[in-house]
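Chemist: Below: one structure in structure tokens.
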């Protein structure tokens, strides 16, 4: 079994990113260089429900508090998390301006006043009740009732039912994964894939989605194709995209990275995986 403190050797000349995984044991940070998985560590022990990143910042929803880490830090030097001063949460996100969004178990969605975010006494504005929130990404929230648009001071239901995930921040076109399929927002919601989808990510005009025990990708041409070359036979829990690579994490705790030369995998030795983000 792989130790959580085990260090992996990887190319120092590649593009450096970090995959951040929320698990029931805590927050795992994985150093990645192109598609080579480097060292990984349990950066903070907690019951992590969700994780989000924005310009190097990391936010984590836990059953006790919302945590944040500033840009910088790595597996070797360590990454320090501090309380955001809110309390228990089931989901976190940053909007395009870096405003921290938090969803409570009862469906309440709040936004932090970023002007006082650093003084230790942040103010939080309630935006509304979205019911059972499953994921927020930028201006969109996936809920059991469908998709909501997250505004400056309110929430607005914008269609669909039983939404599992949304990609509203990084892509050119908003995407939604639902129990009925994958949809894009254009002149209304238009279907892209039929069948249950439960995770989706976007970066520019590219997309990545998980559903029906498979991964699907759009490389920018608008065509979604099945990816049948995964190196492990494990259900995918979540996906992420950067400008350089595709990322996925399985329910069994295997991190997968593909920067164009095929998938590389690394077992973290942790289960109870909830979400994945990249910074």
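The values are calculated or read from the model by the stated rules, or taken from the named source; none is laboratory data. All of these numbers come straight from a predicted model, not from anything done at the bench. As a convention, Cβ positions derive from the backbone with ideal geometry for all residues, glycine included, and neighbour counts pool all protein chains shown.
Chemist: Keeping to segment 141-179, report how many residues are assigned to a loop (DSSP other than H, G, I, E, B) and within 19 Å of the chain's Cα centre (by Cα).
Modeler: Count: 9.
Chemist: Of all the strands (runs of 3 or more DSSP E) wholly in segment 228-279, which have at least 2 residues that are surrounded by fewer than 18 Cβ atoms within 10 Å (Cβ to Cβ)?
Modeler: Ranges flagged: 263-267.
Chemist: Determine the pairs where a residue that is in contact (Cβ under 8 Å) with a residue 40 or more places away in the chain and on the phi > 0 side of the Ramachandran plot, located within segment 249-263, has a partner that is part of a strand (DSSP E or B) and surrounded by 14 or more Cβ atoms within 10 Å (Cβ to Cβ) with Cβ atoms under 8 Å apart, the partner being 6 or more residues away or on another chain.
Modeler: Listed pairs, sorted by first residue: 253/21; 253/23; 253/267; 253/273.
Chemist: Given the criteria outside any strand (DSSP E or B) and either modelled with pLDDT under 95 or surrounded by fewer than 23 Cβ atoms within 10 Å (Cβ to Cβ) (or both), does residue 76 qualify?
Modeler: Answer is yes for this residue.
Chemist: Please state which one of 60, 32, 27 is at pLDDT below 95, buried (at least 23 other Cβ atoms within 10 Å of the Cβ) and either in contact with a helix residue (DSSP H, G or I) (Cβ under 8 Å, 6 or more places away or on another chain) or under 23 Å from residue 256 (Cα atoms) (or both).
Modeler: Exactly one of 60, 32, 27 is at pLDDT below 95, buried (at least 23 other Cβ atoms within 10 Å of the Cβ) and either in contact with a helix residue (DSSP H, G or I) (Cβ under 8 Å, 6 or more places away or on another chain) or under 23 Å from residue 256 (Cα atoms) (or both), namely 32.
Chemist: Are any residues in segment 217-227 surrounded by fewer than 21 Cβ atoms within 10 Å (Cβ to Cβ) and not in a loop (DSSP other than H, G, I, E, B), and if so, which ones? Steps first, please.
Modeler: Step one: filter segment 217-227 for residues surrounded by fewer than 21 Cβ atoms within 10 Å (Cβ to Cβ), giving 217, 219-227.
Within segment 217-227, 217, 224, 225, 226, 227 meet the criteria.
Chemist: Still on this structure: Restricting to segment 63-86, give me the number of residues that are over 17 Å from residue 40 (Cα atoms) and more than 19 Å from the chain's Cα centre (by Cα).
Modeler: Residues meeting the conditions: 5.
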